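Visitor: The structure is given below, and queries will be raised subsequently.
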Amino acid sequence: MVRETNVSLSSLIYPLFVFEGRGPKIPIASMPGIYRWSQEEVVKEVEECVNLGINNFVLFPVFPDSAKDKLASKSFADDNFYLHLITTLKSKFPHISLMSDVAMDPYSSDGHDGLVIDGKILNDETLPILGKMAVAQAQAGIDIVGPSDMMDGRVDFIREALDESGYSEVSIMSYTAKYASACYGPFREALDSAPRSGDKKTYQMDPANRLEALRELELDLIEGADIVMVKPATLYLDIISDIKQHSNVPVAAYNVSGEYAMVKAAAEKGWLDGNRMMNEMLLSISRAGADIILTYFAKEFAIQEKEK
Ligand code: PBG
């Protein structure tokens, strides 16, 4: 009765890594319990999750090097399996909320979220590519596009591109305060998307900065973000709290791959109680002010709730 915070399954988003074609799921070594799913197998996985009560998903595509180029052209090409998969999942499960990733890194031969010319990431030149990517995903039937690239001005650019193409009903979940964190290591392994040279510090935020998150928030709200996100989550609870206090749209937090990997590794060694850690972690993120949590724990949490 007097409990102030509750984590509810309906506010969790489950990230899924997907690759083209058929074949069995492939385990990700640094993320026990998480897999790369083939385009064919992931449909069954989504069905299983839906039966467990999970209704929100974010899809991250994995591409072989042969599909990558400097301009990330595959991201909006007709033969991009990711777009076909969006259409398949929305037609089989019309009631789910499906989110996409908008960034160049899975498609880029440079492994960066933006366009690289002469060793520099070019902000403004990246925007039209992100715009085309978002429109292609909208055309495929996505509900919410998720720009994770951190280029300046992209929410405005994507909003305009979507509206001009007749997709005003597609929402934008913006990665508002995304820090240049060591916590993304396992994700980059899962997607084989680590930068080929340099790092992401010219566009992701300095972990030392707190006020800057509010500047990013202000821009995203003006530009038309429907949901604003903080990433990573547990090392940035102060940022979640600040953003919640200053935002009039829902606040999401991304409990990222490294946060999941830390809990799983310690639990495997028997050094921490993995289940208690999961619950405490999700609770602390909610308590800080997150309305929505993207988490690799979603399925485990759903199973726990079902068994209660
Ligand atoms: C990049 C992207 C990253 C994540 C989501 N989108 C990694 C990065 O910035 O290199 C990380 C998610 C995670 O670690 O779970 N577009």
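Please treat every number below as a calculation from the coordinates, not as lab data. Nothing here was measured: the structure is a model prediction, and the numbers come from that model. Because the Cβ atoms are built from the backbone with ideal geometry, glycine has one as well, and the counts that use them run over all protein chains shown.
Visitor: Using just the alpha carbons, could you tell me how many Å³ per residue the convex hull of region 1-47 encloses?
Guide: Working: hull volume 5.0 nm³, N = 47.
For region 1-47, the hull spanned by Cα atoms encloses 106 Å³ per residue.
Visitor: Right, here's the next one. Please sort 128-135, 2-9, 193-200 by packing, taking for each peptide the average over its residues of neighbouring beta carbons within 10 angstrom, highest first.
Guide: Those peptides, ordered most packed to least, come out 128-135, 193-200, 2-9.
Visitor: Per residue and in cubic angstrom, what volume does the convex hull of the Cα atoms of region 115-248 have?
Guide: Once divided by residue count, the hull of region 115-248 is 118 Å³.
Visitor: Can you pull the one-decimal nm distance between simple spin-label points at ASP238 and GLU280, each 7 Å off the Cα toward Cβ?
Guide: 2.1 nm
Visitor: Would you mind listing how long the chain runs along its three principal axes, going by Cα atoms, in whole Å with the largest first?
Guide: Principal-axis extents of the Cα atoms in the chain, largest first: 52, 46, 38 Å.
Visitor: With 17 Å as the cut-off, how large is the P(r) tail for region 78-177, expressed as percent of Cα-Cα pairs?
Guide: Tail fraction, whole percent: 50.
Visitor: Applying 1/(1 + (r/R0)^6) with R0 = 41 Å to the Cβ-Cβ distance of SER11 and ASP78, what FRET efficiency is obtained, to the nearest 0.05? Don't skip to the answer; put the middle values down first.
Guide: Values: r = 35 Å, r/R0 = 0.85.
FRET efficiency, SER11 to ASP78: 0.70.
Visitor: Same structure again: Can you figure out the FRET efficiency of MET1 with GLN304, using R₀ = 22 Å and their beta-carbon distance, to the nearest 0.05?
Guide: Once rounded, the FRET efficiency stands at 0.50.
Visitor: What nm value, rounded to one decimal, do you get for the distance between ASN209 and GLN245 when each label is placed 7 Å out toward the C-beta?
Guide: Distance between the two pseudo-spin positions: 2.0 nm.
Visitor: What pairs from LYS90/LYS264; LYS68/LYS120; LYS70/LYS201; LYS231/LYS269 go past 21 Å between their alpha carbons?
Guide: LYS90/LYS264; LYS231/LYS269
Visitor: Another one. Want the number for LYS92 to ASP192: 0.36 nm per residue separation, take away the alpha-carbon distance, what's left?
Guide: Gain on stretching LYS92 to ASP192: 33.1 nm.
Visitor: From the helices alone, meaning DSSP H stretches of at least four residues, give me the mean residue ellipticity at 222 nm for the chain, per-run term -39500 (n - 2.57), in deg cm²/dmol to the nearest 500.
Guide: Rounded to the nearest 500, the figure is -12000 deg cm²/dmol.
Visitor: If you don't mind, there's one more thing I want to ask. Which of rounded, prolate or oblate describes region 2-88 when judged by the alpha-carbon gyration tensor and an a/c cut-off of 1.5?
Guide: Verdict is prolate for region 2-88.
Visitor: Taking a virtual spin label 7 Å from the Cα of ASP65 along the C-beta vector, which residues in region 20-50 bring their backbone nitrogen under 19 Å of it?
Guide: Only 20 pass the distance filter.
Visitor: Still on this structure: Using 1/(1 + (r/R0)^6) with R0 = 25 angstrom and r between the beta carbons of GLU218 and ASP124, what's the FRET efficiency to the nearest 0.05?
Guide: My answer for the efficiency is 0.80.
Visitor: Related question: Run the quick spin-label model on SER109 and VAL50: label points 7 Å from Cα toward the beta carbon, then report their separation in nm to one decimal.
Guide: With each label point 7 Å from Cα toward Cβ, the separation is 3.9 nm.
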